[in-house]
Every structure is written in C-alpha cells, then in structure tokens.
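Working notes for the structure below.
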Amino acid sequence: MSSPLKIAILGSKGTTLDLIAGLHGGAGAWPIGTVVTLNPASAERNQVAFFRGAEIAAYCAATGIPCHEVRSYGLTDPADLAFFESARFDLVCVLGWERLIPEAVLRTLGRFACGMHGSAFGLPRGRGRSPMNWSIITGQSRFITSLFRYTPGMDDGDILGSRSFEINDHDTIETLHQKNRIAMLQVLTECLPKIAAGEIVLTPQPSGEPTYYPKRVPEDGLIDWSASTRAIDRLIRAVAPPYPGAFAKLDGRRIGIRAAQPFDAALFGSGVTAGTIVDVSVAAGRFVVKTVDGSLLVTEFDGIAAGELRAGMRLAGSAPGGPDFTARYGKDIPRSQWEIAGPIAD
C-alpha cells in the first residue's frame, strides 16, 4: 500500500515497537516511511524506562523499514535538527518519547506531529509527568487518552480523537501503557486517511484551567507503612517493573517489591506494627507484611532471599505521608493548577 503521507514514528520503548508492528502489519496497515529512535548511550544517560532501542532497530531491519537513531532525547543536537530538515516528514507519530518536541523540529513537518496524553479526567486536566502512574496511585477507575497535535508547549495542542479505557484492580503501569498504545493505534487508524485527504478536524482542548502532575523519581517508590493496604497495593502496581519499583528497607538493604496483593485483615492482631513481616513461605518464595488495616502478600521481590526472612522482622519505609510532591512544582505553575495538591488520600 502506498501512502500520500511521509510518516515517521518517533519513540524508544516497547510501546513504540508494538505501535510500529501494529501500523506495519496489523489490520488497516499504513506504510511507515521511517522510524526515529534514541541511541543507547543517550537512553542510559536519561534513564529511559522501557527502552527498547535495539529491538526497534532489529524489527525495522527485518521488515525493511528505515530506522534512524538521534543523538539527543530532547532533539536539540544540531545533527538531529539537520536530520529532520533533510527528511521533510509530513507526519510524525510519537509514542514512548517523554520529552517535548522543539519548535525547530515541528517547523520541518509538512503537516504536524501527534502523540497521546491523557488523565482520568481528560485534557486539559492532568498534563505533565507520569499521568498513568498517578492515576493508579490515586485510585482512579478510568483513563481518557487523546491523540493531540504537538506544539512547543506541554500537552496543550488540539485533539484529533480520544479513547477511554478502564483502570482495574489488576492493572499495573505496564498494562496501562499497553492499553494506551492500543488506543493510539485505534485512533490513528481512523485519523490517517483523513489527515492524508486534508479532512482531519482538529478540536481545541476543552476550556477550563489546566492542571499538571508533578515529576516522580525512583525514591518515591519507598513504601509508607502508615498508608492503607489498598494505597500500598496501588503504589506497587503503579511503579512496577520495568519502572524502578516499590521498595522497603531491612537493616539498610533495599528490598524491591515487584508484585503484591492484599492478603487478610483478620489473621494478624492490631497490636502488630505495620511493616512487620508476619509470615514467610520459603517453599513458595513469598512473605506477608502487616499493614495498618490488614496485611499484604508479597509475591515477587528482590534484594534478599526468602530463606533469609523471618517473621517479626520490621521493614522500614518512608516518613508518614510520603514525599511532599507539591515542592516539585515550579513557580510558573500556580497552586490552582496542581493536580497533586497534598498527601495522597487512601
């Protein structure tokens, strides 16, 4: 199938690879002119989670899709700008690229660049960092994701189309990224013929004051044992691998908690301090931790072997209430636009 559009896919993660495969070989396949990804050294410097640059390059080589590695994650290297100026793409579809696209790059495009962003409330609420992680952490039950036109600003462009999907009690950050990629493929499949024909309708984001999520860092995964069982479970799922993950500390050792589930609220007495290990199964390689309102079964962990654990050991966590996320907002974002304005409610 030939295309009147010169299309590039920009991204560096597993979701990028799946989008490429979906557009290239799925139902409603659409020709991809070039895949633009990040070189491994830059990915390492920027600590890019879910990085799959080598796999993306291998897929492109196997399918005959041209693949180009840029030097900088922010596309600010002169060689990167020169590449876009010479390529003259019509459309750049962005997924798995957690940086703004510079205006100098956007000006090289025949049409525009587009990517996905959303929140539990839909744009313009929930712009900024890690909206899917935050949606799990805050206990939301749905996510509204939109394909929008990139501008030099933060997630403020006109909308091409939207999808809503559920957030259930089994979702992790990995499954939400998969749902978001499926939504993008669905919306793109609908929109590409209209873009090619010059018939796409770009809808301004709804009126109203935007809100922004603050940045998250790996240290935010330290568990607050004063939180409820459900809140701890949500944190674990929200920062699950390949993100850095939730963790606790035992005699100074970092104990990574990759997967867990609420266990029981009746077996262990209220006099046991939250964070205390109350049962260890060496055979199954799992253990149970007391929480303020029940207990948590830890099914996947690292940093220690099950045979080294004993009932009565106390796992240390963060100070009650966890980090002060409001301190991470810049002075350019007024308090009325803070999506996270205080401690996370249970």
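The values are calculated or read from the model by the stated rules, or taken from the named source; none is laboratory data. No experiment lies behind these values; they were computed from the predicted model shown. Quick reminder, even Gly has a Cβ in these numbers, built from the backbone with ideal geometry, and neighbours come from all protein chains shown. Please note that ligands, DNA and RNA were not included when accessible areas were found on the heavy atoms of the full protein model with its side chains. Shrake-Rupley method; radii C 1.70, N 1.55, O 1.52, S 1.80 Å.
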As a test of understanding, state the convex hull volume per residue of region 197-250 from its alpha carbons, in Å³. 182 Å³
What's the carbon and sulfur percent of region 55-103's accessible surface, probe 1.4 angstrom, rounded to a whole number? 53 percent
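With both partners inside the chain, how many of the DSSP beta bridges are antiparallel, as a percent to the nearest 5? Mind showing how you got there, number by number?
Working: 37 of 56 bridges.
The antiparallel fraction comes to roughly 65 percent.
Let me make sure I get this right: for region 5-110, a, b and c are the square roots of the gyration tensor eigenvalues over alpha carbons, sorted descending. Under 1.5 in a/c it's rounded, otherwise prolate if a/b > b/c, else oblate. Which is it?
Here region 5-110 falls in the oblate category.
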Portion, in percent, of the accessible area of region 137-231 that falls on carbon or sulfur, probe 1.4 Å: 50 percent
So how much slack lies between Val272 and Asp346, counting 0.36 nm per residue of separation and subtracting their Cα-Cα distance, in nm? 24.6 nm
Free-standing Cys, the chain [no other Cys Cβ under 4.7 Å]: Cys93, Cys114, Cys191
Within region 323-346, list the residues whose amide N lies under 15 Å from a label point set 7 Å along Cα→Cβ of Glu219. 323-329
Between Lys331 and Val292, what FRET efficiency follows from the Cβ-Cβ distance if R0 is 51 Å, with the result rounded to 0.05? 0.90
Using 0.36 nm times the number of residues separating Asp264 and Gln178, minus their current alpha carbon distance, what extension gain do you get? 27.9 nm
Quick query: amide H of Ala259 versus all other amide H atoms, modeled in the peptide plane; which residues come in under 5 Å with a sequence gap of 5 or more or a different chain? Thr299, Glu300
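Please compare each pair in Lys179/Lys215; Lys13/Lys331; Lys179/Lys249; Lys6/Lys179 to a cut-off of 28 Å on the Cα-Cα distance and tell me which ones are over it.
On the way: Lys179/Lys215 22 Å; Lys13/Lys331 31 Å; Lys179/Lys249 33 Å; Lys6/Lys179 26 Å.
Violating the 28 Å Cα-Cα cut-off are Lys13/Lys331; Lys179/Lys249.
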Using alpha carbons only, how many angstrom separate the centre of region 4-43 from the centre of region 78-127? 13 Å
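Rank these by accessible area, largest first, 1.4 Å probe: Leu106, Leu100.
Details: Leu106 30, Leu100 80 Å².
Output order, biggest surface exposure first: Leu100, Leu106.
Quick check on the chain: helices-only [θ] at 222 nm, where DSSP H runs of length 4 and up contribute -39,500 (n - 2.57) each and the sum goes over total residues. Nearest 500, please. Numbers along the way, then the final one.
Numbers: 8 runs with 84 residues, N = 346.
Using -39500 (n - 2.57) per qualifying helix, the result is -7000 deg cm²/dmol.
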For a label point 7 angstrom out from the Cα of Thr138 toward its Cβ, which stretches of region 88-127 have the backbone nitrogen within less than 20 Å? 116-127
Stretch gain in nm, segment Ala284-Thr76, where the contour uses 0.36 nm per residue and the Cα spacing is subtracted: 69.9 nm
Calculate the FRET efficiency for Ser164 and Ala41 from the Cβ-Cβ distance with a Förster distance of 51 Å, rounded to the nearest 0.05. 0.85
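Give the accessible surface of region 47-107 per residue, rounded to a whole number of Å², with probe radius 1.4 Å and ligands, DNA and RNA excluded.
Details: 2940 Å² over 61 residues.
Each residue of region 47-107 exposes 48 Å² on average to a 1.4 Å probe.
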In percent, what relative contact order does the chain have, based on Cα pairs under 8 Å that are 6 or more apart in sequence? 13 percent
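Relative contact order (percent) for region 79-182, with alpha-carbon contacts under 8 angstrom and 6 or more residues of separation? Intermediate results must be reported in sequence, preceding the final value.
Details: 165 pairs, mean separation 23.9, N = 104.
Computed over region 79-182, the figure is 23 percent.
Which semi-axis lengths, in whole Å and largest first, follow from the square roots of five times the eigenvalues of the Cα gyration tensor of region 199-322? Present the calculation step by step, with values, prior to reporting the outcome.
Values: eigenvalues 231, 52, 39 Å².
Equivalent ellipsoid semi-axes, largest first: 34, 16, 14 Å.
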